[in-house]
Amino acid sequence: MDTILHEPQPNFEVIKANYPQYFHLRSKDNEPVWYEKPAKVNLKVLKKAGVTLDKLLQHYAMTTEFGWQYLERDDLARSVTVIDLEGMRFTDFAGDVVDFVRRASAFSGQHYPERAGHVFVINVPTWFKMIWSVVKGFVDEVTLQKISILRGDEQQIKALQEKIDIKNIPPEYGGLSMPLGQSPEEEILRKFMKYNNNIKTSDGCYKEENSEFSSWAYARSY
């Protein structure tokens, strides 16, 4: 964790294309907002590209660390997370998917305890109750109290607008902001990854570049 934000991430683009997760503006309380679409993860394409489950978890750790070390540096800050389950089938929740959820939840609980301000689980399928008893076992008790499970556009839009100004909600969820993936935060993340991936030379050493990231320092150490 001490060096993950200074390491090249050669799989960044292929993971972003097949594992939809986005930083997207702020809540009414100035909390960073994070969107995930687990049902859209394409594990077959990722595996074909050489992205193992460990590499996917490394990407998850890197983006989470980027959020708390660069985008939001306040140790007392909390986040809003929107998990969109649209399109998820019951058969999707098996094998590597369950393992990833378990390990990602354990990672978050270990490194970012009580960082969750609120979690919205939206577009929940009718069978979700059948797996919720398994999923909630991966989540700490404090975070469980902050989770809202929502169905139906009206209920979801109303709940999101209670926490996030409509101008900061992406159009995919009835808001007026730019689409997911086009926020200023996502642009900064892509620039940061491009910087990291370009500074390593052929001999394995790192070269200095004149960049906004060249003198950047961690907000905290471990």
Considering only the chain, what is the antiparallel percent among its DSSP beta bridges, to the nearest 5? 30 percent
Angle check, please: helix 96-111 long axis (alpha carbons) against the longest principal axis of the chain (alpha carbons), in degrees 0 to 90, nearest 10. 70 degrees
Can you give the convex hull volume per residue for the Cα atoms of region 79-187, as a whole number of Å³? 120 Å³
Considering only Cα-Cα distances, which of the following residue pairs are longer than 30 Å: LYS129/LYS191; LYS48/LYS163; LYS55/LYS163; LYS55/LYS167; LYS44/LYS194? LYS129/LYS191; LYS48/LYS163; LYS55/LYS163; LYS55/LYS167
Candidates ALA61, ALA116, ALA17; GNM for the chain (alpha-carbon contacts under 10 Å) flags as most fluctuating ALA17
Quarter of Cα convex hull surface for region 29-151, i.e. mean projection, nm²: 7.8 nm²
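Please report the net charge: other residues with Cβ closer than 14 Å to the Cβ of GLN69, K and R +1, D and E -1.
On the way: positive: ARG73, ARG115, ARG220; negative: ASP2, GLU7, GLU65, GLU72, ASP74, ASP75, GLU185.
In short, -4.
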Could you size up the charge dipole of region 1-66 around its Cα centre, putting +1 on the beta carbon of Lys and Arg and -1 on that of Asp and Glu, and report it in debye to the nearest 20? 480 debye
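I'd like the trypsin sites (Lys or Arg not before Pro) in region 62-116 restricted to DSSP loop residues with at most 12 other Cβ atoms within 10 Å, sorted by number.
ARG73, ARG89
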The answer for the net charge of residues other than ASN42 whose Cβ lies under 13 angstrom from its Cβ, with Lys and Arg +1 and Asp and Glu -1, is +4
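Where a number appears in this text, it was derived from the coordinates with a stated rule and is not lab data. If you're wondering where the values come from, they're calculated on a predicted model, not measured in any experiment. Virtual Cβ from ideal backbone geometry, glycine too; neighbours counted across all protein chains shown.
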